[in-house]
Each structure stands twice: as C-alpha cells, then as structure tokens.
Amino acid sequence: MLALLPPAPATRDDHPVADLCLRPRPVALLVATCVAAVASAPLSAGREPVIDTALYPLNAVALGGAGLLIRLRLPRHRVGLLLAGLGFVAAFVELAEGYGYHDSWPAALTAQWVASWAGLLGAATTATVLALFPDGHAPGRRWRWLPPFTVGASATVALGAALSHANDGSYTFTRGGNPYAIDGLDVLYTVGEGAFAVSLVLAVASLVARFRRSDGARRQQLKLIFWFACVLAVVGPAAALGFNGSVVVQVAIALLVPLLPVAICVAILRYRLYDVDVLIARTISYAALTVLLAIAWGATALLLGGLLGGGSAWVTAGATIAAAAAVLPLRRRVQDAVDRAFRRARHHALAQVDRYLEDLRAGRAAAGELEGLLRDVLRDPGLQLRLLLPEESPPTVAAGIAAGATDSAGRSRTLVERSGVALAEVTHTVPDGEPLADVLSRAGLAIEIARLQAAVRHQLAEVEASRARIVAATHEERRRLGRDLHDGAQQRLVSAGLALRHVQHRLGDQPAARDLETVVAEIGGAIRDLRELANGIRPAPLDDGLELALRELAGRAPLPVRVQAACGPLPDAVVAAAYFVAAEALTNVVKHAAASAVELRASREEGDLVLSVRDDGIGGARPAAGSGLRGLADRVGALGGRLRLDSPAGAGTTLTVRLPCVS
Amino acid sequence: MRVVIAEDQVLLREGLVRLFEDRGHTVVAALGDATALLAAVAEQVPDLVVLDIRMPPTFTDEGARAARAVKDAHPGVGVLVLSQHVEARYAVGLVTLGGFGYLLKDRVLDVGEFLAAAGRVAGGGSALDPHVVGTLLAAQGTTDPVAALSARERDVLALMAEGLTNTAIARRLVVSERTVEGHVRHLLIKLGLAEVEDGHRRVLAVLAHLRHSALPAPSTQPGPSWP
C-alpha cells in the first residue's frame, strides 16, 4: 500500500511533459476521450438541454484528465485506470447519444441502444471508484469482496438495461423502445439497480470505515472526499428544491460534477494535504452563511412586505441592505462556531499556545516547558523539539515550515523557521498540516526564546568549562612548580651548603673558613626564601587535606581562630580554592576588621563544601574594595561555586563560600 | 655515633656522610632508597637512622613508612626524618615516640645544632622542627594553643624557650619558684601536652611558643600570596 504513495515531495516538481513520450497509451486514451467529447457537442446541440450538451462532455474530460494525471504518476493505480476508462466511456456515450439523435443516420438505433446501457455502466462504476479510493485496494480483508461486488452490480445493471424494456420511455430511445430487448429480462435490470444501490451504500460505508482507521496523510486524503460530500450536501438539496430551471443552479451543478474526479485526483496525487480541514470548515461556514443570509433576506422581505404592502422595489432593496449589513459580523461568528465544532483540536491547541505565550511574557512559564506543551497540545507524546543553535547548520534547507522525510516509525521532521533562520527541528508522528503547522507558527516566538536561552546556556557552559579547565591547569602547574622547587633547587642548595661545610671543616681555623660561614648562612636564607616561594605557589599543607591545612592556617594567625572542620575527602581544586579563600579572608580580617576572634567553619552540605569565615570586627566590608576578594570570587566561580559577603557595619563580617564537589 | 643514612640524592647523601664523619661519627651504611634500610639496621644496629621522607620509587611516603618500620622493629634506634617541607600526615603517628626527630632539610647547614638534635634523638629524645610542631598541634585539633594562655604564662613559656630552668625563670620574673612551677603546669595542660612524658612535653611546649613568636608582622600574614 505504501508503495502506491508517491515519493513526495520531490516528484511534486516533476514536469508531466517529460512523461508524455514515455506513456503514450494513457495519453492516447485521453486524446480519444477529448475527441469524442468535443465531437459529441455539435451532434447533440439543439436536441437536448444546452446544459446537458456542455456538462456531460465536460465531466468526461474531467474524468479522463484526472485518470491520466494519476496514471502518469502512478501507472498501476487502479483508480487512475478506472477514472481514465470512465472518462472515455462517458465521452463515448455522449458521442453515441449525439449520433443517436439523428434518426435518419445509419445504425442510429444501435447508437441509442449502446448509449443507454454504457451510460449506466459508467455511472454505476462510481461505487467501484469509491470502494477503491484512495489506494486502489479494498479497505481490508473484510472488505475484499466489495470491489468485485460493485463491478458485478455495474455489469448487471448495464446488462439489464441493454437487454430489457426498463428504459423504453427514456429520451434516449427516440422511437420509443429498446430494439434489442428480450421480454422477461426486466427483472435483471431491477436486480442490477438494487445491487447498485447496495454497492453504493457499502462503498460509502467502506470509506467511513477507512476514515476511522486512518491517520496521517491517508486521513487527509479521505477528508477531501468528505469535503466533496459536504459540497454535494449543500448543492444537492438546493438543486432538488425545485430550482432546476434556474440557470445559476444549473451552472453550479455543471461546475460541481467535474469536482469529484478533481477531488479524487488531488487527494491521490498530493502527498500531504495541509489545508483539507480548512477547506471543509470554510465550505461549511459559507454554506451556513448562505443559508442564514437567505433566511435574513427572506424574513426582512416578509416583514417589510407586511408593513409596506408587498412587492415594491423598496422591499427588495431593504432586505438586501439588511442582509449585506449582516454579512461581515455573521461571517466571523459562523466561522468561529464552525472552527470550534469542526476544527476543535486546532482551536483548542492554539488557545493553549496563546495562554502559554501569555504566561511566558508574564514570567509564569519557562521556555523550557515548550516541548512538553507541544506534546500536550498536539497529543503526540513522542514529539521532540530540537533547538538549532546558531553554530549548528540546519539539517534540511526549506522555506517556512518545511516538511522532511518520514522515517520507518512514522515520524516526520518539520523545520521551524523565522525570518529565514532555522530555529528548531520538530520530530513528530502527528501529520503535517493542521494543527501542527498552525501550532508551530503560533509558538514561533516561544521557540525563538527557548532557542536563545539554550544558546546562551550553551555558551555559558562552554565558558564555564573552559574557565574550569584553566583553573585546573593553573592548579596542576602550581603543583608542578612547587615540586620542582622543593626537589630541584632546594635540594641542590642544601647539597652545596653541605659541601661548603665540608670544605670549611677541612680549612680548620684559616680566615677563609670564617668567610664560608657567611656564604652558608646566605645559602640557608636562599633555601628559606625558596620554601616560602614554593609555599606561595602551592601551600604544602594542602597535601595534608583541607582540615589540617585550615588548622595550620589558623595556627599561624596572629589572633585566636576557632576551627570547626569536618569535610572528608575533597577534590584537589576544591581544597585549594577553599584554602586560598580562608587565607585571604583571614588576611583581610587581620588587616581591616579590628576583630578579636575569628571562627573558621568547613562542612559538607548536600555534597557541596561550605566554608565560612566569621569575625567579630567592625564589619562594613565591601566586595569591590579588595582585588583579593575579586580574585577569590573568580576562583570560586570557576569551580561553579558561590561566594557571599555579609558585613553589616559594626556587626562583624561573614564570608561564606559554597563549592560543588563533583570532580 | 654509629649512623645509617638513607637519601636518594647522591650529592646530598655524600654531604651528610661527610658531615657526620667530619665530626668523628661513623656512617655504617649510606643507602639510595628505603628498600634495604631495615636489613641494614638489623645488621648494623646503629644509634641513629637519618632518612629522607621522600624516596624512590614513588617519592611519596617511602621514608615515613621506613621510619615506622625501623621504630617498630628496633625501638631503641633513633630515627631522624628529613623533609623539604612539613608533611604532617606522615609524621602524626611518629612524633609521640621517644627517639624520633623530624627536621627540615636546611637545618643540616647549621651543623652544630643539627648534630646536637641528632644526638638527642639517638639518646631517646626529641628533635622536632617548629614548623612540624605547629602543624602537629593543629592536627591534634588544638587551635592556636598559645592564644589560650594568660599573659604571665606566655612570659614563662618564652623563657622556657630560651632554655631557662624553673629557678632561672623565677629569678628573672621576680616570683617564687613555686609560682613558676604552677604556671608551667597550667600552660602545659592548656597546650594539651599533659599526658606526654616530661622532657618531651617541655620540648613541644617550647617549640609551640617558638612557632607563635616567630610570626612575621600581621600585614604579610596569614597565608600565601595569591596573584
């Protein structure tokens, strides 16, 4: 079944001309149909109502044209074959009928006879077309007998007409009767008629059954036929209400009759029928509008007629003005009501999107909820919204909201664009068209906001990651430098000093020995300097863990520092950051706070390390005041942590740092 | 003194050997790593083992583990650990032992004091670097022990650090000797050193004071610079 669907959308742009030379037979059939249809007109002219002379050939050409178009795209599609055949039969019937009008021509009676049953054969085959629509097969195993049954019914009714007196009175037989009738076969015609009526009802029922089971593109195809049924339901009763003589109604019917083959053709060939729902809803609203306006016109005319005493031109004018005044407001209301009734899903979905946008503007909703909203609104729990960040190139290039291919799981992709920029790609199982396209276009602003947020988040994450990498690299570099100073330069200086001591020892009491004393002292000073330097680069206590390092730090402070630390093993970078924060904070306390005591706390809270340094000094510290604090904030921020300074004037200062410990 | 030396850097090892030998001590073994140390100690039974805390193969705690092993196997042998900087986590379990020393490497340049410290350790006493003591006190959870002392107790502690006896301290402060004894007892308790053997705790107390009074001016303290 799937194979019969055209490989859209690429084929949409194929030029039919290219196919003409490859498919001569279908084209020849249409040419024959056209020739017969055109030829029938002069033969019939003046011998039947003008509308018949125009309408039936037109119908034949429409059928044949629709059949050809389908056959060019889908050569084996049975509906295409049937329509092309029907078109030819209809044109041939017209030709035979027209010939038959000329009694004096040879074999005119036989032409009348052929026209009488071949026309019925064509009409009855409509049931077969409906049974096979849209894919050329029966709707399922349970219906597989239906197409043969409709064919049988058509054949029976045609055979009955050909061999019985059932149509003897019709205008086809200008001399009164069927020349080839066999007495007693009227019953065959009656059975055929009954079978045809049944097959028509069953064909419609099969369409309904198909519709209930269908989804996606198939459902849209079927909807188009139902749209035709809607049109028929509006125009049919109007025609039946006795306006048959009216030229307007006749023209309407003339335009309507070719509509079925056109609708079938469009439904089969257009892969995705975006606007069928709109078409149906609009048809219904305009029909309802027409009826309401007619009622308004009639009521006004009656009322004015009663008041003014009937029949005047004023009555007609007044009623027309009243009806015209009602058009616009009425149209909006009718359309709204129809939308609510027949496009409820769309109406509801758009209302939800609007509410969400309002919430988004008011800050009550987050752009991140967008995917959930779309799933909800479109009733597609598998829907995925992939925001396309600026640096990503769009997966497909298309204009507006373009449709991509459908994968084996029935999912298709839709690209959402705004002002030529691809914003997002939506993967969905709901069909393209309504309400998807409307919802996505209505949600465009939210998608753009979500995309911008995602882009900012993405960039921020990259910056944060690179900052963390830089800090980690610095950290590692400091450790390496410290190690090099300890194990390299310091060791060598100690060795050199020892060597000098040995020389000094061998020199004994010579004056040079006393000179060496100064040199060795100098070397000792250099070693201490190096140790301080190494300690500044990478404080040695850090190797002993944060708790010890903090206690060591507190022990070196020139004022009482109470340490409460219980934090367990921590990532190296966190230990270093916490240590430096504590050191800087203590330095600030000593320099500025005029404090008498400090409390240093370190603990784990929800996996984070929380470090606080609290003094009882004068407070009033400002974060911007010291570049040291700025540097601390940077270091803490690089690890994804937060730094808070709480320093009310006269009430001490508390510096709190929270560092996440994911290594 | 009969000395065993374990130090991976050749020049430094040679220097240490000559240091001891120049002053008439005997270096019975000089090793490049800790693997053969225990065997050498068992064979030679020296008075003192001098060893680097970082040695091959991993340069982390080989020296500390070797020191612990020597003390476990030969409690009478003094062990003097040398380190480039204080690594408290390796020293915590060792310092309360008698006959143990932990000095920064550059102390060896002050030959007289270094050999005196080595002699104390060989004789079952202590030789702890002020930095080591500070870190160790902190590690025991005692924060800023000296800050908890009264002004008079701090005076007594400073004089103890200068090497004065209780009698000399009493004379200097113009108080009775019993008063000084009371101050010494109180300050030792406050420093959390009361349970330690007498001579050793006095050393710790004095070193704690040294650490405290050696602090530079507040403007450069505490903590390292951070660009």
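The values are calculated or read from the model by the stated rules, or taken from the named source; none is laboratory data. Since we're looking at a predicted model, the values are computed, not measured. Counting neighbours? That spans all protein chains shown, and the Cβs are built from the backbone with ideal geometry, glycine included.
Out of everything in the stretch A:509-534 that is of a type outside the set (K, R) and in contact (Cβ under 8 Å) with a residue 40 or more places away in the chain, what residue ends up being nearest to the other protein chains (Cβ to nearest Cβ)? So the residue we want is A:A534. Listed by first and then second residue, the pairs with beta-carbon distance under 8 Å, at least 6 apart or on different chains, first residue in the stretch A:47-64 and touching a residue at least 24 places away in the same chain (Cβ under 8 Å) and charged (D, E, K, R), second surrounded by fewer than 20 Cβ atoms within 10 Å (Cβ to Cβ) and outside any helix (DSSP H, G or I), are A:E48/A:Y171.
Of everything in the stretch A:368-387 that's surrounded by fewer than 17 Cβ atoms within 10 Å (Cβ to Cβ) and in contact (Cβ under 8 Å) with a residue 24 or more places away in the chain, which residue is farthest from A:R442 (Cα to Cα)? Only one residue tops the list, namely A:G382.
Counted as qualifying within the stretch A:94-183 are the helices (runs of 4 or more DSSP H) with 3 or more residues that are under 24 Å from A:A41 (Cα atoms) and touching a Pro at 6+ places or on another chain (Cβ under 9 Å), namely A:108-124. All but one of (1) within 12 Å of chain B (Cβ to nearest Cβ); (2) more than 30 Å from A:S466 (Cα to Cα); (3) buried (at least 16 other Cβ atoms within 10 Å of the Cβ); (4) among the basic types (K, R) hold for A:K591; state the number of the condition that does not hold. Just one mismatch for A:K591, condition (3).
Any idea which residue in the stretch A:550-579 is surrounded by the most Cβ atoms within 10 Å (Cβ to Cβ), counting only those that are among the hydrophobic types (A, V, I, L, M, F, W, C) and farther than 18 Å from A:V636 by Cα? It comes out as A:V561. In the stretch A:546-573, what residues are more than 7 Å from chain B (Cβ to nearest Cβ) and either among the aromatic types (F, W, Y) or touching a Pro at 6+ places or on another chain (Cβ under 8 Å) (or both)? Selection gives A:A549 alone. Restricting attention to the stretch A:157-194, the residues that are within 50 Å of the chain's Cα centre (by Cα) and of a type outside the set (G, A, S) total 2.
Among the residues examined, A:A582 qualifies as at pLDDT 85 or above, of a type in the set (A, V, I, L, M) and either buried (at least 23 other Cβ atoms within 10 Å of the Cβ) or within 21 Å of A:G641 (Cβ to Cβ) (or both).
Within the stretch B:177-198, residues that are over 20 Å from B:T167 (Cα atoms) reach no partner that is of a type in the set (S, T, N, Q) and modelled with pLDDT of 85 or more with beta carbons closer than 8 Å at six or more positions or on different chains. Of all positions in the stretch B:17-37, at least one carries a residue that is within 14 Å of chain A (Cβ to nearest Cβ), in contact with a His (Cβ under 9 Å, 6 or more places away or on another chain) and touching a residue at least 60 places away in the same chain (Cβ under 8 Å). Each residue in the stretch B:46-62 was checked for being more than 13 Å from chain A (Cβ to nearest Cβ) and either crowded, with 24+ Cβ neighbours inside 10 Å or touching a helix residue (DSSP H, G or I) at 6+ places or on another chain (Cβ under 9 Å) (or both), and 5 pass. Scanning the stretch A:74-92 for residues that are closer than 14 Å to A:V262 by Cα and β-branched (V, I, T) returns a single hit, A:V79.
Where strands (runs of 3 or more DSSP E) fall wholly inside the stretch A:590-663, the ranges with 2 or more residues that are charged (D, E, K, R) and in contact (Cβ under 8 Å) with a residue 40 or more places away in the chain are A:598-605, A:608-615.
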